Amino acid sequence: MEELSVNGFERVVVDRDPAGTARSIIAVHDTRLGPALGGVRMRPYPSEDDAVAECLSLARAMTVKAAAAGLDLGGGWSIIPASEKTPERLLAHGRAIATFGGRFIPVNDVGTDQADLRKIGEVTSPVCAQDDPSPWTALGVAAGIKACARFSGHPDLKGLRIGVQGAGHVGSALVRLLVEDGADVVVSDVIEDRATSLATETGATVADADTLLTSELDVLAPCALGEVITPETVGGLRCRIIAGGANNLLASPELAEDLRERRIVYAPDFCVNSGGVIFLQEQILGHTDESAHKRVLAVEGVIADLLARAESRGVTTTKAAHDLAQARLEASTGIQGPTASSSEKPAVP
Ligand code: NAD
């Protein structure tokens with residue numbers, strides 16, 4: 001197992017198979033507020049460097065997400081850079097996670113599901129494998145979209161044209177909620193069957209995966225992979241609001257300023273998609289689903305507050321959210337959190 005020394009991170013490891021190929025990348029960014037919760041993402045990458053870069057970026061975002069949501073959790077992430085899922089790969093991933101001694105709690109993300117987390121949980125603990133957090137993430141995103149709509153002068157979602165990119169775990173649950181709220185929903189997925197069957201079930205319309213981004217929309221809700229907003233795509237956007245489930249939506253932080261200049265209301269991804277993490281903390285604490293429901297719906301107030309703060313200070317919503325999270329991290333006294341199993345920090349490479 002190779003320990004990488006990465007500035008600002010508590011611990012980053014690359015675990016290799018006997019042939020030397022990376023089979024697991026795990027990054028724990030910050031555990032000042034509690035143990036690091038983070039996804040297990042499984043997909044192929046062009047290179048190991050690309051996989052490490054994405055892992056670091058997602059781990060950092062998890063720290064800010066938990067801090068901004070007021071949770072006693074830290075930020076981390078893990079990646080299995082492969083396309084073929086095997087029990088051996090999942091178990092190897094679990095063994096690598098076990099070396100973090102409970103300071104990294106894995107949860108499903110793109111390319112993994114509850115069954116995979118249970119497999120990983122055969123060799124490490126704790127893991128979040130009981131319930132899929134995706135519907136809770138979607139509930140929080142829907143609440144955040146409502147806050148953005150209100151901020152833009154719409155009392156509710158009725159008749160708003162909302163484009164959902166990705167009909168996976170989060171996207172499909174979000175489409176159902178938005179349709180229930182009376183929105184005019186269009187959905188796209190690179191796996192067209194997913195979008196088509198969701199549209200048939202809900203009454204949404206299918207959009208072409210290549211053109212959704214540049215469609216005339218009240219709200220764009222990206223719920224697929226990250227880096228959707230890039231210097232190349234930002235100029236072609238024709239939406240008024242961006243609020244979705246996808247992590248790391250902006251290819252670079254400066255793009256938040258581009259969105260502000262274009263008067264596109266942007267709900268920072270790491271805040272608007274915090275419903276799943278909120279739910280997981282509620283579960284870890286042994287609270288009821290009713291309590292989780294209430295806390296996740298509070299995302300609406302969090303986003304409304306951020307939009308108002310950003311406007312009054314003349315800064316981007318991303319900056320307002322980071323400042324909020326940073327203040328919490330700086331005020332923290334060290335390791336807390338519901339499942340911190342040790343009072344010792346992991347060795348910093
Ligand atoms: P998923 O794998 O279930 O769904 C992603 C879907 O997006 C897939 O159906 C895929 O085919 C589709 N897709 C990929 N590229 C696309 C493109 N260019 N256009 C249209 N569709 C495309 O993943 P998920 O669990 O729903 O997560 C979606 C996003 O939300 C990810 O960025 C994830 O990190 C983020 N997120 C998820 C959760 C959660 O609770 N699952 C929580 C917070 C953030």
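The values are calculated or read from the model by the stated rules, or taken from the named source; none is laboratory data. Quick caveat: nothing in here was measured; it's all calculated off a predicted structure. Heads up, the Cβs are rebuilt from the backbone with ideal geometry, glycines too, and the neighbour counts pull from every protein chain shown. Please note that ligands, DNA and RNA were not included when accessible areas were found on the heavy atoms of the full protein model with its side chains. Shrake-Rupley method; radii C 1.70, N 1.55, O 1.52, S 1.80 Å.
If you scan the stretch 26-41, which residues turn out to be in a loop (DSSP other than H, G, I, E, B) and either under 20 Å from residue 225 (Cβ atoms) or not polar (S, T, N, Q) (or both)?
32, 33, 34, 35
Scan the stretch 232-247 for residues that are in contact with an Asp or Glu (Cβ under 8 Å, 6 or more places away or on another chain) and either in a helix (DSSP H, G or I) or open to solvent by 50 Å² or more (accessible area, probe 1.4 Å) (or both) and jot them down.
234, 238, 240
Can you name every residue in the stretch 261-290 that is aromatic (Phe, Trp, Tyr) and closer than 26 Å to residue 229 by Cα?
Hits for the stretch 261-290 are 266, 270.
Pick out the one residue from 218, 210, 131, 156 that is among the charged types (D, E, K, R) and within 9 Å of the ligand (Cβ to nearest atom).
Selected residue: 210, the only one of 218, 210, 131, 156 that is among the charged types (D, E, K, R) and within 9 Å of the ligand (Cβ to nearest atom).
If a residue must be open to solvent by 60 Å² or more (accessible area, probe 1.4 Å) and either without any contact (Cβ under 8 Å) to a residue 24 or more places away in the chain or among the hydrophobic types (A, V, I, L, M, F, W, C) (or both), how many such residues does the stretch 126-152 contain?
Residues that pass the stated criteria total 1.
Of 290, 300, 311, which residue is charged (D, E, K, R) and open to solvent by less than 60 Å² (accessible area, probe 1.4 Å)?
Result: 300 is the single residue among 290, 300, 311 that is charged (D, E, K, R) and open to solvent by less than 60 Å² (accessible area, probe 1.4 Å).
Among the residues of the stretch 198-219, are any in a helix (DSSP H, G or I), open to solvent by 50 Å² or more (accessible area, probe 1.4 Å), within 22 Å of residue 134 (Cβ to Cβ) and polar (S, T, N, Q)?
Yes: the stretch 198-219 contains one or more residues that are in a helix (DSSP H, G or I), open to solvent by 50 Å² or more (accessible area, probe 1.4 Å), within 22 Å of residue 134 (Cβ to Cβ) and polar (S, T, N, Q).
Which one is most open to solvent (accessible area, probe 1.4 Å) among residues in the stretch 220-231 that are within 17 Å of residue 162 (Cα to Cα) and among the small types (Gly, Ala, Ser)?
224
Kindly indicate whether any position in the stretch 233-250 is within 14 Å of the ligand (Cβ to nearest atom), out of contact with any strand residue (DSSP E or B) (no Cβ under 9 Å at 6 or more places or on another chain) and at pLDDT 95 or above.
Yes; the residues of the stretch 233-250 include at least one that is within 14 Å of the ligand (Cβ to nearest atom), out of contact with any strand residue (DSSP E or B) (no Cβ under 9 Å at 6 or more places or on another chain) and at pLDDT 95 or above.
What are the residues in the stretch 251-276 that are within 23 Å of residue 177 (Cβ to Cβ), within 16 Å of the ligand (Cβ to nearest atom) and part of a loop (DSSP other than H, G, I, E, B), if any?
267, 268, 273, 274
Within the stretch 17-49, work out how many residues are over 16 Å from residue 96 (Cβ atoms) and within 16 Å of the ligand (Cβ to nearest atom).
6
May I ask you to say which residue of 102, 121 is touching a residue at least 40 places away in the same chain (Cβ under 8 Å), away from the ligand (no atom under 11 Å from the Cβ), more than 30 Å from residue 300 (Cβ to Cβ) and not hydroxyl-bearing (Ser, Thr, Tyr)?
So the residue among 102, 121 that is touching a residue at least 40 places away in the same chain (Cβ under 8 Å), away from the ligand (no atom under 11 Å from the Cβ), more than 30 Å from residue 300 (Cβ to Cβ) and not hydroxyl-bearing (Ser, Thr, Tyr) is 102.
Just for the stretch 1-25: of the residues that are of a type in the set (A, V, I, L, M) and part of a strand (DSSP E or B), which one is most open to solvent (accessible area, probe 1.4 Å)?
If we take residues in the stretch 1-25 being of a type in the set (A, V, I, L, M) and part of a strand (DSSP E or B), then 4 is most open to solvent (accessible area, probe 1.4 Å).
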